[in-house]
């Protein structure tokens, strides 16, 4: 039995960022860095506040996305905190 073969599996990444970046700066970063990667599920910025944010990615691109977020975000200073299969799991932590 193949689970969600056609829809794909989503993963949500909780991250911290510097206050220097606005929401539009975060969107541009994800669009240029993660938007180019091929996947069934397109990335989406779910929630952003002053210190934290949540982004949705495909489960196959999870490791690559975390690597990009941690290493290639110079002025935004993004640091991944936790990964979950549900938004509720991230908010409860």
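All of the numbers you see were taken from the coordinates with simple rules; none came from a lab. In this text, all values refer to a predicted model and were calculated from it rather than measured experimentally. We place every Cβ from the backbone using ideal geometry, glycine too, and count neighbours over all the protein chains shown.
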Can we say residue 24 is over 30 Å from residue 6 (Cβ atoms) and either exposed (fewer than 15 other Cβ atoms within 10 Å of the Cβ) or under 11 Å from the mean Cα position of the chain (by Cα) (or both)? yes
Pick out the one residue from 56, 11 that is within 13 Å of residue 80 (Cβ to Cβ) and surrounded by 15 or more Cβ atoms within 10 Å (Cβ to Cβ). 11
For residue 56, state whether it is over 12 Å from the mean Cα position of the chain (by Cα) and within 18 Å of residue 88 (Cβ to Cβ). no
